[in-house]
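Here is the structure we will look at, set down as structure tokens.
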Amino acid sequence: MKRTDIVMTPELKSFLSFDIGKMRKEFADQAIQDIAYCNDLKLDLYLPDSRKEKIPAVIIVFGGGWVSGFKQDGFVEPMARIKECGYAAVVPDYTLALDDCFPRPVEDIQACVKWVRRNADKYGLDAENITLWGESAGAHLALEAGLMHPETEESVRSIIAMYPLTDLDTADAQAEQCGMKARYDNPNSVLGIFMGNGFSDEKIRKQASPVNHMHAGMPDILIQHGTFDKMIPYLQSQEFYDAAIKQGMQDKVQLELIPGKEHTDPWFFQKENLSHLDSWMQKKKVSG
């Protein structure tokens, strides 16, 4: 750990001790591995077997409570299988909250978008067809990276967010409303670790809440959230969608609440849902 302000709580210990394993070596070996993209950070690039002239790219942002996870962990393999639908799967490591806090991880993901754009010709990628796809904490980072301070080199066409945190200030109340234990409004929680000194700063909390970053030119967004999620209340996704409607941007956001599904439910990564995500991305490419 580079930070010295972190308290080893039972929650943090649970996140760090939860071993989801590595992806299969035979799958990892399909990638061009350990490409440097920003400072000492690296990414893996999975290219589809059947390649078009310009391959659409999906940047996969793994979850892990902002404090754990890596680019070849067990959750990444089913997401990287999107390459079987004709996409290039770009899987970056990013700075975990044990080393630095918000906004550093968001800036890392934005740097990865820049890398895809700058290296599109080298790898045959479509610089104008980039999707950010994150799950859990990775979904929060994907929304932040795709919506915060948009610039040409950081812009993406679309975002897929699976069970994301969208508003730091309402998460605990919504958790209790869903019969869950409040867990976020605590500086020693994993969210508090991610926020660092910004945890108690109202302005920074709003900056770290994707619901506050909607704008007319924002990417198309697909949110999927299970109604039985006991980690992040599905009302977080509902709030984001309701805010889009209120601001007249309902055409930009599609919300899919999945009855009975839990956090990281295998359903989200099954072939049928990957095909659904593929269809949504293709539709948005045509309509966009």
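Every number in this text was worked out from the coordinates using simple rules, so none of it is lab data. Remember, it's a predicted structure, so these values are computed and weren't measured experimentally. For neighbour counting, all protein chains shown are included, and Cβ atoms are generated from backbone atoms with ideal geometry for every residue, glycine included.
Things to note:
- The chain, helix-only ellipticity at 222 nm - DSSP H runs n ≥ 4, -39,500 (n - 2.57), divided by all residues, nearest 500: -9000 deg cm²/dmol
- For peptides 81-90, 243-252, 210-219, sequence by mean Cβ density within 10 Å, most packed first: 81-90, 210-219, 243-252
- Debye-formula intensities of the chain, expressed as log10 I(q)/I(0) at q = 0.14, 0.16 Å⁻¹, are -0.99, -1.35 (one equal scatterer per alpha-carbon, no solvent).
- Largest-first principal axis extents, alpha carbons of the stretch 140-288, Å: 44, 37, 26
- About the Cα centre, charge dipole magnitude for the stretch 1-88 (Lys/Arg +1, Asp/Glu -1 at Cβ), debye: 120
- Once you reduce the stretch 97-131 and the stretch 1-71 to the center of their Cα atoms, the two points are 13 Å from each other.
- Dipole check for the chain: with +1 at the C-beta of Lys and Arg, -1 at the C-beta of Asp and Glu, and the Cα centre as origin, the magnitude is about 440 Debye.
- Environment charge at Gly63 (Cβ cut-off 10 Å; Lys +1, Arg +1, Asp -1, Glu -1): -2
- Surrounding net charge for Asn273, when Lys and Arg each add one and Asp and Glu each subtract one, Cβ distance under 14 Å: -3
- Hydrodynamic radius of the stretch 22-119 by the Kirkwood approach over all distinct alpha-carbon pairs: 13.7 Å.
- Summing charges over neighbours of Ile35, with a neighbour being any other residue whose Cβ is under 9 Å away from its Cβ, gives -1 when K and R count +1 and D and E count -1.
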